[in-house]
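A short worksheet on the structure shown next.
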Amino acid sequence: MVLSRLLFCITAALCLCSCQSTTASPDAAQPSESSASTPLTADGWGPLRVGMTREEVVAALGEDANPDAVGGPDPEQCDEFRPSRAPVGMLVMIEQGRLTRISLINGSPIKTEAGFGVADSASAIKAAYAGKAVVTPHKYVPPPAEYITIWSTAPTEPNARGIVYEVGSDARATHVRAGGPSIQYVEGCL
C-alpha cells in the first residue's frame, strides 16, 4: 500500500512537471525553425511589412535585443536594431517611426524569394535575376566586391521597393537588404 502511494505520488509529480511549459517569456522566445523557410521579399518578411510603425514591429518581433548598441546617429530619425524575437542575423531599420528596411547579416538562415541569402555567390545571384539586376561597384572594397540591386518597382517611385545583395571580396553575399530606398544606404542609417 505504501509503495503504491509512493508510486502514485511520483507519477503525479512527473505528470505535473511534464505539463509545465518550458517556453521562455515572449521577449526571449525565438521564432520557430519554419521562420527560416519564410522568404524575404522587397515588401517584407513574415509578420513584417515595409511601412509598419515601430510599435507594430515591436508587437510582431519584440523590442531591441541590444538597446545599448548604436543603431543610428539620431534614433528618432533613423534606428537599426535586432528585435528580440527576430531570426538570427536579422536587423530592421526604422526611419521616422516606420519600417523601411530589413537586413540579413552573417549567420542568417533566411533567403529571398529567389532563394538567395548571405554567403551565396554573386554569379548565381546575377544569373538568376538576368537583366533585372543592376550591378554597381562596392563603396569600400575592390572588385569582385559589388552591390547587386533588383528593384520590384522603379527606385524613383514614392513607394519604391527592392533588394540589394552586398557582395564581399570573396564574390559572395555578405548582407542582403530589402525594402524601400534605404536599401541603398551602405553605412546603417547613412
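The values are calculated or read from the model by the stated rules, or taken from the named source; none is laboratory data. Please read all numbers here as calculations on a predicted model, not as lab measurements. Cβ atoms come from the backbone with ideal geometry, glycine included; neighbour counts cover every protein chain shown. Side chains included, ligands, DNA and RNA excluded: accessible areas come from the protein's heavy atoms. Shrake-Rupley method; radii C 1.70, N 1.55, O 1.52, S 1.80 Å.
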**Request:** Collect the residues in segment 114-153 that are without any contact (Cβ under 8 Å) to a residue 12 or more places away in the chain and among the small types (Gly, Ala, Ser), keeping them in residue-number order.
**Result:** ALA124, ALA127, ALA130, GLY131
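Sort through GLY51, GLY46, GLY107 and tell me the only one that's surrounded by fewer than 18 Cβ atoms within 10 Å (Cβ to Cβ) and closer than 20 Å to ARG161 by Cβ. Even if it seems obvious, please write down each step before you answer.
Values: GLY46 fails: surrounded by fewer than 18 Cβ atoms within 10 Å (Cβ to Cβ); GLY107 fails: closer than 20 Å to ARG161 by Cβ.
Result of the check over GLY51, GLY46, GLY107: GLY51.
Can you find a residue that is over 11 Å from the mean Cα position of the chain (by Cα) and buried (at least 19 other Cβ atoms within 10 Å of the Cβ) anywhere in segment 132-144?
Restricting attention to segment 132-144, the residues satisfying the condition of being over 11 Å from the mean Cα position of the chain (by Cα) are 132-144.
Okay, now just the ones that are also buried (at least 19 other Cβ atoms within 10 Å of the Cβ), so none.
Within segment 132-144, none of the residues are over 11 Å from the mean Cα position of the chain (by Cα) and buried (at least 19 other Cβ atoms within 10 Å of the Cβ).
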**Message:** Can you tell me which condition PRO109 does not meet? The list is (1) over 17 Å from the mean Cα position of the chain (by Cα); (2) assigned to a loop (DSSP other than H, G, I, E, B), and all the others hold.
**Reply:** (1)
**Item:** Hey, ALA114 open to solvent by less than 40 Å² (accessible area, probe 1.4 Å) and assigned to a loop (DSSP other than H, G, I, E, B) or not
**Value:** no
**Complete:** Reported set for segment 84-99 where residues are crowded, with 21+ Cβ neighbours inside 10 Å and within 16 Å of ALA36 (Cβ to Cβ) is ALA86, PRO87, MET90
**Request:** Say whether the condition of being among the charged types (D, E, K, R) and closer than 18 Å to PRO181 by Cβ is met by at least one residue in segment 98-106.
**Result:** yes
**Asked** Taking segment 75-98 on its own, how many of its residues are in contact (Cβ under 8 Å) with a residue 40 or more places away in the chain and not β-branched (Val, Ile, Thr)?
**Response** 13
**Message:** Can you say whether ARG161 is open to solvent by 60 Å² or more (accessible area, probe 1.4 Å) and basic (Lys, Arg), as far as the supplied structure shows?
**Reply:** no
**Asked** Among the residues of segment 154-174, is any among the charged types (D, E, K, R), touching a Gly at 6+ places or on another chain (Cβ under 9 Å) and assigned to a loop (DSSP other than H, G, I, E, B)?
**Response** yes
**Asked** Of all residues in segment 62-76, which are under 16 Å from GLY188 (Cα atoms), in a loop (DSSP other than H, G, I, E, B) and open to solvent by less than 90 Å² (accessible area, probe 1.4 Å)?
**Response** ASN66, ALA69, GLY71, GLY72, ASP74, PRO75
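Restricting to segment 99-113, and then to whatever is in contact (Cβ under 8 Å) with a residue 24 or more places away in the chain and small (Gly, Ala, Ser), can you tell me which residue is farthest from LEU40 (Cα to Cα)? Can you show your working first?
So in segment 99-113, the residues in contact (Cβ under 8 Å) with a residue 24 or more places away in the chain come out as 99-106, 108-113.
Those still in the list that are small (Gly, Ala, Ser) too: 103, 108.
Values: SER103: 9, SER108: 11 Å.
Among those that are in contact (Cβ under 8 Å) with a residue 24 or more places away in the chain and small (Gly, Ala, Ser), it is SER108.
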**Asked** Considering segment 167-177 alone, what residues qualify as being closer than 18 Å to TRP45 by Cβ and open to solvent by 20 Å² or more (accessible area, probe 1.4 Å)?
**Response** HIS175
